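This report concerns only the one structure given below.
The values are calculated or read from the model by the stated rules, or taken from the named source; none is laboratory data. Only a predicted model underlies this, so the values are computations on that prediction, with no experimental measurement involved. Reconstructed Cβ throughout: ideal geometry from the backbone, glycine too, with neighbour counts over all protein chains shown.
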Amino acid sequence: MKDNAKLKEIACDLRKEVIKMLESAGSGHAAGSLGMADIFACLYFSILHHDPENPHWEDRDRLLLSNGHIAPLLYAALSYAGYFPQEKLKSLRKFGSFLQGHPERERLRGVEITSGPLGSGLAQACGIAAVAKREGRRFRVFCVTSDGEHQEGNHWEAVLFAAKYKLGNLTAFVDSNNIQISGKTSDVMPLEPLLGKYQAFSWNALVIDGHDISQILNSVKQARLVYDKPTVIIAKTTPGKGVSFMEDNYLWHGKAPNKNEAKAALRELEEVCRDVK
Amino acid sequence: MLNNTLNQNLFKKNVELKATRDGFGEGLVIEAEKNESIVVLSADLEESTRVLSFAQKFPERFWEVGVAEQALVTIASGMANYGKIPFATSFAAFSPGRNWEQIRTTIALNNVPVKIVGSHSGIDVGEDGATHQVLEDIALMRTLPNMDVLVPCDYEEAKKAVGVAAKSLRPTYIRLTRSKSPVITTPNTPFETGKINVVWEDTDSKATLVACGPLVYEALVAAQKLKKDGITVRVVACHSVSPLDEQALIHEAKISGAMVTIEDHQVSGGLGGAVAELLVRNLPIPIEFVGVYGRFGQSGNSSELKKEYGLNADEIIRRTKMVLARRMQ
């Protein structure tokens with residue numbers, strides 16, 4: 001368990017790693033990876049009960065990343081948490097690397113599911129949560145989803161299932177950043193009111209600032225108090241957070257910075273990190 | 001002549017008729033008593049897919065996901081990830097018909113031991129018509145890495161398929177059928193993934209008939225009739241479409257020199273495709289294909305449809321004569 005300032009610092013380090021990894025890979029998804037860094041810092045360094053030395057520990061909390069394209073952030077967090085050495089991060093998307101363009105469970109310990117094709121993560125989280133609940137297991141299942149993937153039918157099938165079986169041990173995050181690959185989510189296929197939709201589907205639903213460490217931690221605490229409903233935490237985030245020329249620009253959804261852009265991005269992030277420290 | 005582990009009364013008029021889906025349903029309860037890891041998911045079709053008795057006997061291991069086949073297999077994937085052996089059951093037209101990508105990513109690539117059970121496959125469905133008569137599912141599933149594909153030929157094999165699948169940690173597809181068909185195997189007939197069964201053999205055979213599903217019976221009827229006409233053949237039941245019993249099939253090609261494949265499926269991509277791919281690489285011989293030739297099905301009763309689409313003993317005999325003519329050239 002780390003204090004809030006330390007978590008903010010870790011988030012900053014994760015963002016810098018994301019930029020370096022993407023620049024080295026030459027392709028990948030920048031905006032969402034930067035936008036979710038605060039939440040991943042909270043998850044891996046405060047919220048999750050997990051053990052990098054024993055990644056298959058039966059009673060670990062599970063974190064399932066549904067929108068697998070933010071793999072760079074997942075890898076950075078896993079590496080910082082001790083699942084593998086940081087010098088491997090630069091092998092992202094390279095031939096022979098276990099850091100595939102989208103995460104694969106079979107290739108890297110700590111990765112709970114293979115993902116990338118959107119809309120299937122929540123259902124897998126439901127599968128784990130459902131059997132664990134019936135068996136009276138104490139661990140929790142977390143699932144990170146994107147707002148864009150809420151356009152997938154598979155996701156809403158899982159939303160129905162989780163409510164039916166009252167999966168109080170399941171907590172989903174929505175990266176509500178209002179961008180996807182070809183534009184603003186509100187233009188491509190409007191989702192709002194998302195909070196109302198989840199409430200209508202009998203979920204415990206919260207909206208938070210996805211960059212505010214206390215709000216992130218508190219929302220998970222609130223989720224733990226609700227036993228008879230799954231919880232969704234709709235986290236308002238800024239895509240590309242921390243890099244001015246990437247922020248809120250959907251063109252950075254599926255793009256990696258070139259050498260100069262990476263340099264500029266790292267300069268900005270250094271500043272933010274200094275302020276945090 | 002008929003293999004001695006088979007039902008020796010299978011050519012009699014009063015041969016017992018049972019559906020493969022019934023064998024599955026009964027096998028499931030038997031296996032579930034032995035194996036606590038087995039859980040079952042249904043997409044609102046527990047009666048038709050014969051998982052109702054499991055659901056009644058083991059309510060705490062049964063999950064109703066509603067009419068949602070994508071959720072069916074992805075939730076099953078999560079359960080397998082946790083350590084269960086889930087049987088995800090529906091009609092084959094919808095699973096794997098509708099949810100192929102979810103199966104590919106979250107089961108095959110993820111490499112978790114989900115058992116996808118597709119009932120009501122093939123033209124055999126009958127009256128429901130083309131939408132429900134899936135003729136492409138073997139093709140969809142056998143091209144997936146990690147995926148075993150089992151097509152039981154009768155009630156007994158379907159029962160055994162449950163046990164074989166439950167013991168395996170590999171993703172598996174089990175293809176079942178709606179109508180009752182002759183019970184041709186017995187509890188003593190072997191059933192192994194990756195193995196064929198030679199169910200009929202005669203000396204000096206001129207062709208091998210390779211069939212899967214209930215059409216194995218039609219192949220046996222064809223073999224018997226052909227023998228009366230002085231044409232001796234061998235019949236192979238190929239319940240394991242993937243992995244194929246490559247060695248044994250190459251051996252068949254060697255000893256008979258011609259083949260006919262038989263399936264209630266499109267002729268492209270299914271058992272025939274698998275056998276042809278194997279033999280073209282190893283021992284090219286003439287092959288004829290009994291199956292559906294690039295058409296959709298339609299309403300009608302199962303036997304009318306099998307006649308219209310050429311999925312019966314008469315058509316197997318015709319194709320066998322065709323392949324023999326090619327063999328002579």
**Asked** Out of all the residues in segment A:149-180, which are within 14 Å of chain B (Cβ to nearest Cβ) and in contact with an Asp or Glu (Cβ under 8 Å, 6 or more places away or on another chain)?
**Response** A:His155, A:Lys166
**Prompt:** B:Thr203 versus (1) at pLDDT below 95; (2) assigned to a strand (DSSP E or B): which is the lone unmet condition?
**Reply:** (2)
**Complete:** When B:Leu109 is run through (1) free of Cβ contacts under 8 Å to residues at least 40 places away in the same chain; (2) within 14 Å of chain A (Cβ to nearest Cβ); (3) out of contact with any Pro (no Cβ under 9 Å at 6 or more places or on another chain), the failure sits at (3)
**Request:** Could you list, in sequence order, all residues of segment A:1-23 that are buried (at least 20 other Cβ atoms within 10 Å of the Cβ), among the acidic types (Asp, Glu) and over 13 Å from A:Leu74 (Cα atoms)?
**Result:** A:Glu23
**Asked** Mind checking which pairs have a first residue in segment A:196-221 that is on the phi < 0 side of the Ramachandran plot and a second that is of a type in the set (Lys, Arg) and part of a strand (DSSP E or B), Cβ under 6 Å, 6 or more apart or different chains?
**Response** A:Asp209/A:Lys236; A:Gly210/A:Lys236
**Prompt:** How do the helices (runs of 4 or more DSSP H) wholly within segment B:1-103 filter down when requiring 2 or more residues that are over 21 Å from A:Ser120 (Cα atoms) and in contact with a strand residue (DSSP E or B) (Cβ under 7 Å, 6 or more places away or on another chain): which remain?
**Reply:** B:20-34, B:52-57
**In segment A:143-163, the residues that are among the aromatic types (Phe, Trp, Tyr) and surrounded by 23 or more Cβ atoms within 10 Å (Cβ to Cβ)** = A:Phe161
**Message:** Take the conditions away from chain B (no Cβ under 14 Å) and not hydroxyl-bearing (Ser, Thr, Tyr) and apply them to A:Gly183. Does it pass?
**Reply:** yes
**Prompt:** Do the conditions hold for B:Ala76, that is, is it at the interface with another protein chain (Cβ under 9 Å from one of its Cβ atoms), within 25 Å of B:Arg178 (Cβ to Cβ) and touching an Asp or Glu at 6+ places or on another chain (Cβ under 7 Å)?
**Reply:** no
**Item:** Inter-residue pairs, beta-carbon under 6 Å, first touching a residue at least 12 places away in the same chain (Cβ under 8 Å) and in segment B:239-260, second in a loop (DSSP other than H, G, I, E, B) and of a type in the set (Lys, Arg), 6+ apart
**Value:** B:Asp245/B:Lys195
**Fill in**
Here, strands (runs of 3 or more DSSP E) confined to segment B:230-329 with at least 2 residues that are surrounded by 24 or more Cβ atoms within 10 Å (Cβ to Cβ) are B:233-237, B:259-266, B:287-292
**Message:** Yes or no: segment B:45-52 includes at least one residue that is closer than 21 Å to A:Gly153 by Cα, polar (S, T, N, Q) and in the same structural domain as B:Ile138 (by TED's automatic domain parsing).
**Reply:** no
**Message:** Residues to consider are A:Lys197, A:Lys236, A:Lys229; find the one that is in contact with a Lys or Arg (Cβ under 8 Å, 6 or more places away or on another chain) and surrounded by 15 or more Cβ atoms within 10 Å (Cβ to Cβ).
**Reply:** A:Lys229
